[in-house]
Amino acid sequence: MGLLAYLKTQFVVHLLIGFVFVVSGLVINFTQLCTLALWPISKQLYRRINCRLAYSLWSQLVMLLEWWSCTECTLFTDQATVDHFGKEHAVVILNHNFEIDFLCGWTMCERFGVLGSSKVLAKRELLCVPLIGWTWYFLEIVFCKRKWEEDRDIVKEGLKRLADYPEYMWFLLYCEGTRFTETKHRISMEVAASKGLPPLKYHLLPRTKGFTTAVQCLRGTVAAIYDVTLNFRGSKTPSLLGILYGKKYEADMCVRRFPLEDIPADENDAAQWLHKLYQEKDALQEMYKQKGLFPGEQMKPARRPWTLVNFLCWATILLSPLISFVLGVFASGSPLLILTFLGFVGAASFGVRRLIGVTEIEKGSSYGNQELKKKE
């Protein structure tokens, strides 16, 4: 094992990476708070600044995937589709089977220059999560309670506000609503059978309301739908902790572009279009399982250096005074000061672990289990 590979497995190194992410995130959140003063003066300037502040935080996670774990990301698509990337507003539909599917989506956003302006439809609970939820709030992310009767007006209003967004944005949409588990899949397929819909083997039944609303509200702004079907070579089940430990994965993404004018304007027809899309995604996953590859030309967009440069800048700014402080604490010889510092380290470790836990499938939301609860 080389020195770098050894360092990637060490808790102290993980803690330092977490320290840089958390402290830089708090600095970024405070800066974002200060930029609110710009909103009544120049809304577009406020947005452009916040896109770059968000990039400075999210790119640290992308750096872990691209430069720390050296995970490979391969696109299966055509050149005509790639030529549109980063040059138009788009809704991106991703399957929700893996703990790091969001990170694979973000690395594609980064490589085509739209990471800072990327959007999601997020559950409202994340609004209370430091760094993640707070950064999204300043980015005008749409938060919902997953109760459509209460969410309808909030989602429509939030989406319509994005109509004049000054940066090209990718609106990442997980139509399944929650990550795939066997229990949720069984319940979802029972619902599909009750509605007369074909069963899906690798996906949950898509929730159509968010998709049809996004299409209706963003029509005239968004140019296309990008359908992304993700899988990992070797039947790997990657995790954020695995990335932190430097494990290398090979992500394959089959990307198809559908011009928005090809999506039905009628809500029911658009919902049927989405169900058909997920049947096609299921067929793609079946092909991947059998052949180990998706159809289409293989492309590997080049990594850009900016995620690494951004992290190294933050690490230099934040770790230099931290190391001097730690040396001073232990040089003091004060048991109370040393114990207080170690207690702080323990609390920081717990906080970082909780942030990582947000991505873990087994600690995901219970969304999708409502039907089971009703039966019980």
Is it fair to say residue 193 is in a helix (DSSP H, G or I), of a type outside the set (D, E, K, R) and surrounded by fewer than 21 Cβ atoms within 10 Å (Cβ to Cβ)?
-> yes
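Considering only residues of the stretch 1-43 that are in a loop (DSSP other than H, G, I, E, B) and farther than 30 Å from residue 162 by Cβ, which is most open to solvent (accessible area, probe 1.4 Å)? So that I can check it myself, show each step before the final result.
Start the filter on the stretch 1-43 by keeping residues that are in a loop (DSSP other than H, G, I, E, B), which leaves 1-2, 8-10, 39-42.
If we keep only those that are farther than 30 Å from residue 162 by Cβ as well, we get 1-2, 8-10.
Values: 1: 175, 2: 43, 8: 26, 9: 50, 10: 57 Å².
Restricting to residues being in a loop (DSSP other than H, G, I, E, B) and farther than 30 Å from residue 162 by Cβ, the top hit is 1.
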At least 2 residues that are aliphatic (A, V, I, L, M) and over 22 Å from residue 63 (Cα atoms) in each: list the helices (runs of 4 or more DSSP H) lying fully within the stretch 238-352 that qualify.
-> 267-291, 306-332
Does residue 74 meet the test of being under 23 Å from residue 279 (Cα atoms), touching an Asp or Glu at 6+ places or on another chain (Cβ under 6 Å) and surrounded by fewer than 19 Cβ atoms within 10 Å (Cβ to Cβ)?
-> yes
Condition check for residue 140: among the acidic types (Asp, Glu) and under 27 Å from residue 244 (Cα atoms) = no
May I ask you to list the residues in the stretch 210-237 that are in contact (Cβ under 8 Å) with a residue 60 or more places away in the chain and part of a strand (DSSP E or B)?
-> 222, 224, 225, 226, 227, 228, 229, 230, 231, 232
Scan the stretch 159-190 residue by residue and report those that are closer than 22 Å to residue 220 by Cα, open to solvent by less than 40 Å² (accessible area, probe 1.4 Å) and not in a loop (DSSP other than H, G, I, E, B).
-> 159, 162, 170, 171, 172, 173
Does at least one position in the stretch 115-127 carry a residue that is without any contact (Cβ under 8 Å) to a residue 40 or more places away in the chain and among the hydrophobic types (A, V, I, L, M, F, W, C)?
-> yes
Here the qualifying pairs (Cβ atoms under 8 Å; residues six or more apart or on different chains; first in the stretch 302-323 and open to solvent by less than 60 Å² (accessible area, probe 1.4 Å); second charged (D, E, K, R)) come out as 307/66; 307/110; 308/66
Somewhere in the stretch 90-101, is a residue open to solvent by less than 10 Å² (accessible area, probe 1.4 Å), out of contact with any helix residue (DSSP H, G or I) (no Cβ under 8 Å at 6 or more places or on another chain) and touching a residue at least 40 places away in the same chain (Cβ under 8 Å)?
-> yes
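The values are calculated or read from the model by the stated rules, or taken from the named source; none is laboratory data. Everything numeric in this text was worked out from a predicted model, so none of it was measured. Counting neighbours? That spans all protein chains shown, and the Cβs are built from the backbone with ideal geometry, glycine included. Note: areas computed on protein heavy atoms with side chains; ligands, DNA, RNA excluded. Shrake-Rupley method; radii C 1.70, N 1.55, O 1.52, S 1.80 Å.
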